[in-house]
Amino acid sequence: MTDKDIRNQERSFKRLLELVLGDEELWELLNFVAKYNQVFIFSGVIRDFFTGMFSGVRDIDVVLQNTNHLDLLLSNLKNVEVRKNNLGGIKLKYKHLSFDIWGMGETWNIKRNNLKANPYILINTVFFNFSAIVFDFQKEKFIYRKEFLDFLNTQEMNIICPDNPNEPLCIINTLYYRQKYGFAISSDLSKWVKKRYNPAMNFFEVQQSHFGLVLYSDMEIEKFIKSI
């Protein structure tokens, strides 16, 4: 995979988004938001698109340059379940899909370090290398770090930014992505997991919150820690 390969997939990805939404109202919703704000698609849907491990989408992360028009968005929604998320934004649920929408400046590392909110800073503050990419919805353009290409070419998970507000979830996700996708774990990520792991962490609650169920027992997690 090269930079040229990434560029060649930009229009295809936007078309995929339209197909994934599979509903005129949802597609109109995303375009409505884009009229008032810079919209960036983020996270797993991009990873799965490039790895070819695309088995359907249930969650889409949408990052806005700012949240100035979120109230306007809410006032135009129909048949959509809306609640606040933990990033100062909103979570929308419509049929089979869930949207997390938040302002870029509310991203934990950007806010904590008082950084200028832009997509280039955003991809520097993610935890996993496979998250170091965003899609500029209006410009139909991917913005990414070299480490994202490295991940595509090696299928090895690594760390971009080691500081994270939810370390137990990072540990669980490392196990989850290795098990589900077969991704390898870099030595740096392995060291981070072993250093940050604490058996007193409430992995039960973290999994319930993130997955809606418990996938791994404390014993399975401890066994995983010892194996890497």
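The values are calculated or read from the model by the stated rules, or taken from the named source; none is laboratory data. No experiment lies behind these values; they were computed from the predicted model shown. Ideal geometry is used to build each Cβ from the backbone, glycine not excepted, and the neighbour counts take in all protein chains shown. Heads up: the accessible areas ignore ligands, DNA and RNA and are worked out on the full protein's heavy atoms, side chains in. Shrake-Rupley method; radii C 1.70, N 1.55, O 1.52, S 1.80 Å.
Numerical summary
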{"item": "Rounded accessible area of D218 (nearest 10 Å², 1.4 Å probe)", "result": "90"}
{"item": "Ordering of 108-114, 190-196 by packing [mean C-beta count within 10 Å, highest first]", "result": "190-196, 108-114"}
{"item": "Debye intensity ratio I(q)/I(0), log10, the chain, q values 0.16 Å⁻¹ (C-alpha model)", "result": "-1.25"}
{"item": "Calculated from backbone phi, Karplus (6.51, -1.76, 1.60) coupling profile of the range 8-21 in Hz, x at Gly/Pro", "result": "5, 9, 5, 5, 5, 5, 5, 5, 4, 4, 5, 5, 5, 4"}
{"item": "Förster-model FRET efficiency, 35 Å R0, K84 and K195, C-beta, rounded to 0.05", "result": "0.60"}
{"item": "Extension gain, K226 back to T154 (0.36 nm per residue minus Cα-Cα distance, nm)", "result": "23.6 nm"}
{"item": "Solvent-accessible heavy-atom area per residue, rounded to whole Å², over the chain at 1.4 Å", "result": "52"}
{"item": "Efficiency of FRET between K95 and Y36 - r from beta-carbon atoms, R0 41 angstrom, step 0.05", "result": "0.95"}
{"item": "For the chain, built as a Gaussian network whose Cα springs stay under 10 Å, the top-fluctuating residue of E140, E167, E205", "result": "E205"}
{"item": "Residue-level accessible surface for H96, protein heavy atoms, 1.4 Å, Å²", "result": "100"}
{"item": "Full-stretch length increase - A184, D3 - with 0.36 nm per residue and alpha-carbon distance subtracted", "result": "62.9 nm"}
{"item": "Viscosity 0.692 mPa s, 37 °C: Kirkwood-radius Stokes-Einstein D of the range 1-53 over Cα pairs, µm²/s", "result": "266"}
{"item": "Residues whose placed amide H lies under 5 Å from that of S43, excluding near-sequence neighbours", "result": "I133"}
{"item": "Accessible area (Å², 1.4 Å probe, nearest 10) - Y94", "result": "20"}
{"item": "Zero-based 10 Å bins, Cα pair distances in the range 173-228, whole percents", "result": "21, 57, 22"}
{"item": "Evaluated over the range 128-179, the Cα radius of gyration and Dmax, each in Å", "result": "12.6, 36"}
